[in-house]
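Participant: Got a structure for you, questions after.
What follows is calculated from the coordinates using simple rules that are stated; it is not laboratory data. Predicted model only: the values in this text are computed from it and were never measured. Every residue, glycine among them, receives a Cβ derived from its backbone with ideal geometry; neighbour counts consider all protein chains shown.
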Amino acid sequence: MESNDSQLVKVTIVDDHKMVVKSLSKLINDSNTAIVTHVYFDIKSCRTGLEKSLPDVMLLDIGLPDGDGVEFCGEITKTYPDLKIIMLTSYKEFNVAKRALHNGALGYILKNSEPEEFFAGIEAVSQGEKFLCEEIDILLKDKLDAKVIWFSPRELEVLQYIADGYTTREIANRIFRDDETVKSHRQNLLIKFEAVNTPLMIKKACEQNLVKLN
């Protein structure tokens, strides 16, 4: 017996890969537990759409054509605190997953996950519970238990510029990137050091001999 649409979890998908959206929409709509009510292919259209209609759960890609999905997640959770977000992505990096959860995502599912994980994730977060696909759950537990912090060469470069007192714009010019990229690196670094501000982050970096002060 088919479920009444009013009882189904309303899902919005935000992803610029149309084949992913199409296949995932069919998978969800055939489940009799959830229904895809809206799809968006970029942040701008999603932002406009949310002003008119809110789903129960949003599946949000990270690499969108007009911005960072993780940053957008932080914006959404502040504006619509009752909206539950699952990051839908191919990124398996520890710091990306941790930043997404820090920004308010309740779930993190890889695009190659089994269908059962999508259904379990949608059901869990719709009830306010956290959900990580198995691969990410293992990754986070292993690295958090080991209490090891991983830094990319670019992060260490930005960290040294911050310690030297350069502004976001100055750092962007030096590494040939835009301001938003530098801001993203700053946010990642703060999270990795579990620091509430830049001075504390630099203090911890100095204690670990990761930067040199002039």
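Participant: What percent do you get for the relative contact order of the chain when only Cα pairs under 8 Å and 6+ apart count?
Facilitator: So the answer I get is 14 percent.
Participant: 7 Å from Cα along Cα→Cβ at both residue 130 and residue 152: what's the point-to-point distance in nm?
Facilitator: Taking the two extended label points, one gets 2.4 nm.
Participant: Count the DSSP beta bridges whose two residues both fall in the chain, then state the antiparallel fraction as a percent rounded to the nearest 5.
Facilitator: Of the beta bridges lying entirely in the chain, close to 10 percent run antiparallel.
Participant: Still on this structure, please answer the following. Once the other residues with Cβ under 13 Å from the Cβ of residue 83 are scored (Lys, Arg +1; Asp, Glu -1), what is the net sum?
Facilitator: My count for the surroundings of residue 83 gives 0.
Participant: Where does the charge balance sit around residue 132 when Lys and Arg score +1, Asp and Glu -1, over other residues with C-beta under 10 Å from its C-beta?
Facilitator: Values: positive: 130, 141; negative: 117, 134, 135, 137.
Around residue 132, the surrounding residues sum to -2.
Participant: Sticking with this structure for a sec: Please identify, among 116, 155, 180, the residue showing maximal mean-square fluctuation in a Gaussian network model of the chain using a 10 angstrom Cα cutoff.
Facilitator: Result for the chain, Cα springs under 10 Å: 116 fluctuates most.
Participant: With a 10 Å cut-off between alpha carbons and a GNM built on the chain, which of 103, 32, 112 moves the most?
Facilitator: 112
Participant: Something else now. Taking neighbour counts of Cβ atoms within 10 Å as a proxy for exposure, in what order, fewest first, do 196, 39 appear?
Facilitator: 196, 39
Participant: Rounding to the nearest 10 and keeping the result within 0 to 90°, find how far the Cα-based axis of helix 18-29 lies from the longest principal axis of the chain.
Facilitator: Roughly 50 degrees, rounded to the nearest 10.
Participant: Could you please report the charge total around residue 180, scoring K, R as +1 and D, E as -1 over all other residues with beta-carbon less than 10 angstrom from its beta-carbon? Provide the component values of the computation, followed by the final result.
Facilitator: On the way: positive: 177, 183; negative: 68, 71, 178, 179.
In short, -2.
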